[in-house]
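Right, one structure below, let's go through it.
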Amino acid sequence: MSRRHIATVLASCLLFLSACNAAGETVTESGIIFLDSNGLRLCDLILTSYPPQCGSIVVKLHNPHDIDLHFNDYSSNLKWSPPVHVTGVMFFEGALLIEEVTLPK
């Protein structure tokens, strides 16, 4: 296992732990919204594999109905957003109930 891979795994673990510690609080997370057959997630990056995949998952997202963004379409079941800031209420299991999505300035 490379040092880069280990660093990515450790960073993902720290992000997940911080999400669990914020349960019930309103938080803002940054990343790329990724939609595939596994649901809607906020990822730190999109892998350039075939097909594209979510890099490290920051949080799972709920209440996507208020998202008004242009998504990059890979297929009808695979889409991702430009980099965004997502604000919402964090659940204990690390899921975020979306309240607002904004583009970085």
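I'm trying to understand the selection: among the residues of region 63-105, which are of a type in the set (A, V, I, L, M, F, W, C) and assigned to a loop (DSSP other than H, G, I, E, B)? If the condition is that a residue be of a type in the set (A, V, I, L, M, F, W, C) and assigned to a loop (DSSP other than H, G, I, E, B), then I67, L69, F71, F91, F92, L103 are the ones that fit.
Listed by first and then second residue, the pairs linking a residue in region 31-55 that is under 20 Å from A95 (Cβ atoms) to a residue that is β-branched (V, I, T) and surrounded by fewer than 17 Cβ atoms within 10 Å (Cβ to Cβ), with Cβ atoms under 9 Å apart and 6 or more places separating them unless they lie on different chains, are D44/T8; G55/T8.
Taking region 94-105 as the range and being surrounded by fewer than 18 Cβ atoms within 10 Å (Cβ to Cβ), in contact with a helix residue (DSSP H, G or I) (Cβ under 9 Å, 6 or more places away or on another chain) and in contact (Cβ under 8 Å) with a residue 40 or more places away in the chain as the test, only E99 passes. Count of region 68-92 residues, restricted to those that are touching a residue at least 40 places away in the same chain (Cβ under 8 Å) and farther than 15 Å from C43 by Cβ, is 7. In region 63-83, the qualifying residues are those that are small (G, A, S) and out of contact with any strand residue (DSSP E or B) (no Cβ under 7 Å at 6 or more places or on another chain), and the one that is surrounded by the most Cβ atoms within 10 Å (Cβ to Cβ) is S75.
Scanning region 19-62 for residues that are assigned to a loop (DSSP other than H, G, I, E, B) and closer than 15 Å to E99 by Cβ turns up A22, G24, E25.
None of the figures in this text is laboratory data; all of them are computed from the coordinates on show. These numbers were taken from a predicted model, which means no experiment stands behind them. We place every Cβ from the backbone using ideal geometry, glycine too, and count neighbours over all the protein chains shown.
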